[in-house]
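No value in this document is a laboratory result; all are computed from the given coordinates. For clarity, every value in this text was computed on a predicted model and none was experimentally measured. Quick reminder, even Gly has a Cβ in these numbers, built from the backbone with ideal geometry, and neighbours come from all protein chains shown.
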Amino acid sequence: MHAASPQASRLSPLNQRRLANFRANRRGFWSLWIFLVLFVLSMFAELIANDRPILVRYDGNFYVPIVQSYPETAFGGEFETEADYRDPFVADAIAEKGWMIWPAIRFSYRTVNRNLTVPAPAPPSAENWVGTDDQGRDVLARLIYGFRVSVLFGLILCVVSSIIGVIAGAVQGYFGGWVDLLFQRFLEIWSGLPELYLLIILASVITPSFGILLALLLLFSWTGLVGVVRAEFLRARNFDYVRAAKALGATDTVIMFRHVLPNAMVATLTFMPFILSGSVVALTSLDFLGFGLPAGSPSLGELLAQGKANLHAPWLGITSFFVIAIMLSLLVFIGEAVRDAFDPRKIFR
Amino acid sequence: MSVPLLQVADLKKHFPVRKGLLSRTVGQVYAVDGITFSLDKGETLGLVGESGCGKSTAGKTILRLIEPTSGTIRVNGERIDALSRGAMRPWRRELQVVFQDPYSSLNPRMNAGDIVAEPLVNYGLASGQALKDRVSGLFAKVGLRPEQMQRYPHEFSGGQRQRIGIARALALNPGLIVCDEPVSALDVSVQAQVINLLMDLQGEFGLSYLFIAHDLAVVEHISHRIAVMYLGKIVELTDKRSLFASPQHPYTEALLSAVPVPDPKARRKRIILSGDVPSPINPPPGCRFHTRCPYAEARCKVEEPAMREVRPGHFVACHLRKVDETAFATIARA
């Protein structure tokens, strides 16, 4: 047997094995890293794609336009409104008495490029690396912000619906009997509702913001995990150590969350990446249909819809397609690796 | 006379058999069908019987891990059979359990120290350093080293795991521990250690055991009195000496004749029962044992025998046994 030295590792041998299995799935492992890098980069989207400089040195003072707004008068302009740093007048004024550090892409997701020499959507150029959309906004900037919105939306939806689903499944499976029976019938009816139509109807009645859209999708997405967790709880409620816990005076809540849930977590975690990608797809498809995030928000689905509407501008459709395809593939690959990691029968090498 | 620690009267547990689309109840499994006994403080009652006779169900029903169908369970004279889940909680401190399988009865995700500490935490009896001290004290009591508290169940042997299970049961200072075949998953040498540990602890804490087993040798070693179960009913209940010296029920006779004797030259009458145990869904009418009983009479097939005290302290449910008046008379005279 292995020497059980507590200093060796804080992970239990089982978790060490899982980590090793996860690493052994090279594709999933690298997918996770690529995804994490993209995600972290998109978290700092304001530093990568913005219509304001990161740092301005003007007349011996430092200005940080990306966190604070300064009136044009601060840089010797005429208006009290916020300075438009892309305006050659302001840019020249600053260049005279200092310098500016710009992000790599000098457009935010809603910056309209007014200097286009061709009608929008403009093809890729030195200024707009993958062109502009039909309102003259930089596609790359919109992709970066859109990726961030999609992933954040997916993550929040996935986590919240998993928490609700796990609790619902736990209660159902643990108590069984009538609770289970009634809940199960309710779930059958609920999941039989035509989700997409209801979402479209609801979205046309209420103007969907990020939060409202999240709540609407949550109405239907929480049922995803209930079945799995319920099954695990039904199985585990008759384990000897669960009975023992009952005999030891543990309350139902303690038994459910300390003794049974850790067992159900394996099945739950295995599903997570797939739920995440499902959530991303749900948002993208609503955006594509025009019932998603409010107009003007950076959105992959909306870009895809523009691509369909502007077939003569292939950079719209192609880029949004590739971003969505790569993002979803990465998530599925990660999901496969997670599944491998938690599979007790999987043996590598 | 003081009130017995545990009194069980006419305890029944029937499981419905459901079938079909509407899950109609088409029958009942008469797993435990009216058992009556009592258990004093510091006493061990052995409950023996073959697989499927309902002895484990009886144990779990007494602990209210399974809800009884009917009958009463009294602990220290108080009825606990109809208490709600919440009202049952304080009583669980009094009734503890050691399970058969030391592998499945310990949560694999908790370390040994946490497992033993759990009941104390559940009742808020100790925390911090006091909790640690209590747990290491319990570890020492059951013959484990306190350093082993950090280990996980899979790092222990079967016997050690059963010791953890015993330590956990002891944590709340219960009056009664239901031992549900605590040694049948262990090999013989370890069985002896665990049995002796249980007996030592009984001497130290005045525990009562309801000791469920199918191994007569083990039961003989640990029990004061023994109840023999057959198909959901107790057929014979007496102190161990009287049971092994003069078994009264034909089923007990057959059971005892099957105990191996460590002497290759020993020749003795082995009673081989014919047939199988009848299904508990449809138990035979009259005496449940009549289908396999070598002495069965016409009466046994129709009339169910009641428990009778045929000798002082020796109860048996059989039509064929007459009450031994002389034995009672001797007692009365003395």
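Summary of computed values
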| item | result |
| --- | --- |
| Using distinct alpha-carbon pairs, which all enter the 1/r mean, Kirkwood radius of region A:232-349 in Å | 17.7 Å |
| Free-standing Cys residues across chain B, given no other cysteine C-beta under 4.7 angstrom | B:Cys53, B:Cys179, B:Cys293, B:Cys318 |
| Neighbourhood net charge (10 Å Cβ-Cβ; Lys/Arg +1, Asp/Glu -1) for A:Ala264 | +1 |
| Cα-Cα P(r), chain A, percent of pairs per 20 Å interval | 23, 45, 25, 6, 0 |
| Check: chain A dipole with +1 on Lys, Arg Cβ and -1 on Asp, Glu Cβ, in debye | 2080 debye |
| Kirkwood hydrodynamic radius (C-alpha pairs) into Stokes-Einstein, region A:131-239, 4 °C and 1.567 mPa s, D in µm²/s | 80 µm²/s |
| GNM flexibility winner over chain A from A:Val160, A:Val40, A:Val226 (Cα, springs under 10 Å) | A:Val40 |
| Within the protein assembly as shown: Cβ-based charge dipole about Cα centre, in debye rounded to nearest 20 (Lys, Arg +1; Asp, Glu -1) | 2840 debye |
| Integer Hz, Karplus 6.51/-1.76/1.60 couplings in order for region B:176-183, x for Gly and Pro | 10, 10, 8, 9, 8, 6, x, 10 |
| Relative contact order (percent, whole number), region A:1-136, Cα cutoff 8 Å, 6+ residue spacing | 19 percent |
| Rg over Rh, two decimals, region B:259-332 (C-alpha only, Kirkwood Rh) | 1.08 |
| Sequence-distant residues sharing a close amide H with B:Val17 (under 5 Å, placed H) | B:Val26, B:Gly27, B:Gln28, B:Val29 |
| P(r) histogram, all alpha-carbon pairs of the protein assembly as shown included - 20 Å bins from 0, percent | 14, 33, 25, 16, 9, 2, 0 |
| Area projected by the alpha carbon convex hull of region A:279-319, averaged over all directions, nm² | 2.7 nm² |
| Descending Cα extents along the principal axes, region B:39-110, whole Å | 34, 32, 28 |
| Distance cut-off 26 Å, percentage of C-alpha pairs in region A:1-159 lying past it | 50 percent |
| Ellipticity estimate at 222 nm from DSSP helix runs (n ≥ 4, -39,500 (n - 2.57)) divided over chain B, nearest 500 | -9000 deg cm²/dmol |
| Positive-end residue, the protein assembly as shown charge dipole about Cα centroid, Cβ charges, pick of B:Ile35, A:Gly317, A:Gly278 | B:Ile35 |
| Unit Cα scatterers, Debye sum, region A:71-205: log10 I(q)/I(0) for q = 0.18, 0.20 Å⁻¹ | -1.11, -1.20 |
| Over chain B - Rg/Rh using Cα atoms and the Kirkwood inverse-distance radius | 0.99 |
| For region B:170-305, diffusion coefficient by Stokes-Einstein and Kirkwood Rh (Cα), 25 °C, 0.890 mPa s, µm²/s | 144 µm²/s |
| Cα-Cα over 26 Å, subset of B:Lys13/B:Lys141; B:Lys240/B:Lys322; B:Lys240/B:Lys301; B:Lys60/B:Lys132; B:Lys269/B:Lys322; B:Lys233/B:Lys322 | B:Lys13/B:Lys141; B:Lys240/B:Lys301; B:Lys60/B:Lys132 |
| Residues with amide H under 5 Å from that of B:Val178, placed H, sequence gap 5 or more | B:Gln96, B:Val97, B:Val98, B:Leu210 |
| Rh by Kirkwood over Cα pairs, then Stokes-Einstein D for region A:11-76 at 1.306 mPa s and 10 °C, µm²/s | 101 µm²/s |
| Sequence-separation-based contact order of region A:43-108, relative, with Cα cut under 8 Å and 6+ spacing, percent | 45 percent |
| Local electrostatic count, A:Glu96, Cβ distance below 15 Å [Lys/Arg +1, Asp/Glu -1] | -2 |
| Other-chain or far-sequence residues with amide H under 5 Å of B:Tyr230's (modelled H) | B:Val235 |
